[in-house]
Structure formats: structure tokens, C-alpha cells
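Taken together, the values in this text are just the output of simple stated rules run on the coordinates, not laboratory data. As the structure is a prediction and not an experimental result, all values here were calculated from the model. Cβ: placed from backbone, ideal geometry, glycine included. Neighbour counts: every protein chain shown.
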Amino acid sequence: MDGNFLQDALSKTRQVDDFTSRLLEIHRKMVEINKEENIRLGLHRSDYMLDSETSSLLQIELNTISASFPGLGSLVSDLHRTLIKQHGTLLGLEHKRVPANAANTQFAEALAQTWAEFNIDSAVIMMIVQPEERNMYDQYWLSKHLQDSHGITTIRKTLSQVEAEGQILPDGTLLVGGHKVAVVYYRAGYTPNDYPSEAEWSARLMMEQSSAVKCPSISYHLVGTKKIQQELAKPNVLERFLESKEEIDKVRKCFAGLWSLDDEEIIKTAVEKPELFVLKPQREGGGNNIYGLDLRETLVRLQKEGGDALAAYILMQRIFPKASLAYLVRGGVCHEGLAISELGIYGAYLRNKDKVVINEQSGYLMRTKVSSSDEGGVAAGFAVLDSLYLTGK
């Protein structure tokens, strides 16, 4: 992991974004002590929308921490396939056209393989969750598969519980509540709200300093920031990390327009035509992006304030997918209307020193929302879980 690239790319952002600054400070400490991470696990989700003008899948973002819904997303695919199998004649649909979605089992298998690479049979996988976790049922299916298929125990802890119950043994082992921890799997810790006091930051630093495998490590977490996404889209930056021109071209083809806000011309264009852009802060979890007239007002205000406030955001091309008639069920109520969808592709990457153990696509997530909605998060209340239905031969 290129620590200097992360520090340099986020140097302006850290001056105006306290959350990113705290994450970078932990990262800096790990670089200073030359912390070795022989085993690295990434459970990612790259989100795309189908641009109606070019018929291209363009990337919305890459999620490197708490990539949610592998459990419930897989169940929804099974549900839709079963319903079509039962009522396919009436609906005029074929259940085999809903592709298999093994995101839950593939993520669980990656966690299990990481536990095996850690090689301490008595160790557990620790899932970091929020104090009043709303997404526990999605997380449950991962824990169930780990226990049923591999006999691996999963414990659930909040950041404050880790601070109260955790310690690092002299050999670097992380001990929490009497359990040796092989893998720290973050399903929280991605938003400033998860760190209401210094106790949570102390827990994050403790886990990072330990020998437990972090999913993600502090480096992987920072790679998922919007600013790094924008930096990677700049000319000649991908070449720093990829050697194959063919691979570089394939990756770059998925990029939407991305700009930093030190470009006055692009700011002027966005103020004049705000409907063509999305203003993104360095935040995860849905409900944070700024659109339309709010985008214009925010840019004008930040320009008037001066200083480095604009460095907390990036500007992205707004993607306009084709809308289709859909029936969305939420809270037991069915809503009919025009809707658009966002496709997430899960990926698992596991490395032990120089050996790549896993590097594979791991299922998908389809989220659908009414076309009039700007945001698209399910947990944030903007969308519903959906499935792919393949219409080609």
C-alpha cells in the first residue's frame, strides 16, 4: 500500500475535514512504526449506474469499509427467483434469468480463509457494529455461515466496548473480552457518528496496532474516500499502480467525470448547470451528497467563505440511467412508479505476504429507487433491495 500517495492526496482534505484528519493520523502512526500487515483482507463493493447516453456502466464509488447487504441481497435474489418460479406463467418471466447471487457465502468464505491464514484455532472473528445496529440481520447470515460451515465463532462489539474490554498482548495479539481476535471486520467505524468520544478513537488505534487482520486496514479505509476516487481518475495516476495498458483502459472506461474543486472553471460550470453534477463529501452511509439548487448554493457559499473549505468535497458527473416502471415494496406498502437502479459488484481480496490467496468477484447487489430520488441508500431509507433479471440470449 502506497502510504505516501494517501497522505499526499488527502493533505488538503485533512485541513478542513476532522474525520479524515483523524483517520490519516492513525495511518501516519502506522507508517512511522513501519507496521507490518502480512495478511490483508479487502471485502469491497464497487457501485455502478448504466448511463443512458453512452449505455456504459459508470462507477459511482468504491466501498472499502462495511460493504453492506451481502446477506440480505442474496436472500432477495433467492426470493425473486422463487416467486418467479411459482408464478412465472402469470408474469411471463423465467426464474433462471435471475442470476445466482452467492455474495453472503463468498464473503463468509473469504473471512474464514483469512481466519485460517491467521492460524490460531482458538481465535474469533470480531464484527465491529454500531451501538443500536439497524442492519443486524444482514450481518447475521455471515456469522451463521461461519459457524455452520467452519465452526468459527463471531463476536459482536461496539468501538466503545473494544476500548473497555480490549488489550494488546506483548506478542501483538488482540484480546477482547478474553477472546483472541484473528480478524476485525468493520460494519461500523465509517462515519464520524461512530466516534462520539476519544474512547472510540482509542479502540480504532488499538486494533490497528495489533496483529489481528483488519477488514479494512486503515489504508484500505482511506482508499475508499471520494478524494482518492477522484485522484485515481486523473491522467497518469492509474499507471502508478497498474502495469498493463489494457487493464488501465478497462478501469478508466468505467470512470465518470470527477474533479477537484481547485478548478475555478469546473466550479463555474457546476454553478451554472448544477443539475449535471453531484457534490460529494468524504462520507459513507448514504444521505450525504448534494444536488441541484443545494449544490449551487453550497458552492457559492464556500467560494465566498474562501480558505480551503472546498477541499472537503469533490465534484462528480451526474449519471442519468433510463427509468422503468417498477413496484417497490417498503414497510409492507407497494409503490408503483418510475424507478432507476444501481448495481454493486462485490469483490474479495486476500493476500498473505506476497501470495494472493483470493482475488475474485463475489456476487452482486441491486438497489432500486424512484427516479425522483437523488440519494440511493437502502439503510438510509431511499431505496429497496432488488435483483438482476437477464434479458439477453
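At-a-glance table
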| item | result |
| --- | --- |
| Positive-end extreme of charge dipole, the chain - chosen from Ser202, Thr13, Leu388 (charges on Cβ) | Leu388 |
| Per-residue HN-Hα couplings for region 12-28 [Karplus 6.51, -1.76, 1.60; θ = phi - 60°; Hz; x = Gly/Pro] | 6, 4, 5, 6, 10, 10, 4, 5, 4, 4, 5, 5, 5, 5, 5, 4, 4 |
| Farthest toward positive dipole pole in the chain [+1 Lys/Arg, -1 Asp/Glu at C-beta], among Asn4, His221, Val357 | Val357 |
| Violating pairs (Cα-Cα greater than 20 angstrom) within the set Lys273/Lys369; Lys12/Lys234; Lys234/Lys280 | Lys273/Lys369 |
| Estimated FRET transfer efficiency when R0 is 25 angstrom, pair Val300-Asp18 (beta carbons, to 0.05) | 0.60 |
| Qualifying aspartates and glutamates (Cα of each under 19 Å from Cα of Lys355; at least 8 residues distant if same chain) | Asp2, Glu36, Glu37, Glu109, Glu117, Glu243 |
| Residues of type lysines that Lys157 reaches as a straight line, Cα spacing below 27 Å, ignoring anything fewer than 8 places off in the same chain | Lys29, Lys35, Lys144, Lys180, Lys214 |
| Neighbourhood charge, 10 Å Cβ-Cβ cut-off, centred on Gln229 and excluding it, Lys, Arg +1 and Asp, Glu -1 | +1 |
| Cut-off under 5 Å, modelled amide H: who pairs with Leu258 long-range | Gln317 |
| DSSP-defined beta bridges in the chain - what % are antiparallel, rounded to 5 | 80 percent |
| Cα coordinate range in region 150-256, projected on the principal axes (Å, largest first) | 50, 34, 26 |
| Option label - Cα extents along the principal axes in Å computed here, alternatives [x] 73, 45, 38; [y] 60, 58, 43; [z] 69, 53, 41 | [y] |
| Contour excess over end-to-end distance, with Cα ends at Ser371 and Tyr140 and 0.36 nm allotted per residue | 80.0 nm |
| Computed magnitude of the charge dipole of the chain (debye, nearest 20; Cβ of K, R +1, Cβ of D, E -1) | 760 debye |
| Cβ-derived FRET efficiency at R0 30 Å, Thr191 paired with Cys334, nearest 0.05 | 0.45 |
| Vicinal HN-Hα couplings computed from phi for region 192-206 (Karplus, 6.51 cos²θ - 1.76 cosθ + 1.60; Hz; Gly/Pro x) | x, 4, 7, 10, x, 9, 5, 4, 5, 5, 4, 5, 4, 5, 4 |
| Sequence-distant residues sharing a close amide H with Thr153 (under 5 Å, placed H) | Ile125 |
| Extension gain, Ile248 back to Ser11 (0.36 nm per residue minus Cα-Cα distance, nm) | 82.8 nm |
| Partners for Lys85 among aspartates and glutamates (Cα-Cα distance below 16 Å; same-chain residues under 8 apart left out) | Glu94 |
| Positive-end extreme of charge dipole, the chain - chosen from Gln113, Thr64, Ala326 (charges on Cβ) | Ala326 |
| Cα-projected label distance for Asp78 with Tyr327, points at 7 Å along beta-carbon direction, nm | 2.3 nm |
| Virtual spin-label span in nm between Ser52 and Asp121, 7 Å along Cα→Cβ | 6.0 nm |
| Pairs of alpha carbons in region 84-170 whose separation is greater than 16 Å (percent) | 66 percent |
| Distant-in-sequence amide H partners of Lys35 (H built 1.01 Å from N, under 5 Å) | none |
| Helix-only [θ]222 nm of the chain, DSSP H runs n ≥ 4, -39500 (n - 2.57) each, per residue, nearest 500 | -11000 deg cm²/dmol |
| Separation in nanometres of the label points that stand 7 Å from Cα toward Cβ, at Lys268 and Asn34 | 5.1 nm |
| Student exercise, region 50-179 dipole from Lys, Arg, Asp, Glu Cβ charges, in Debye to nearest 20 | 540 debye |
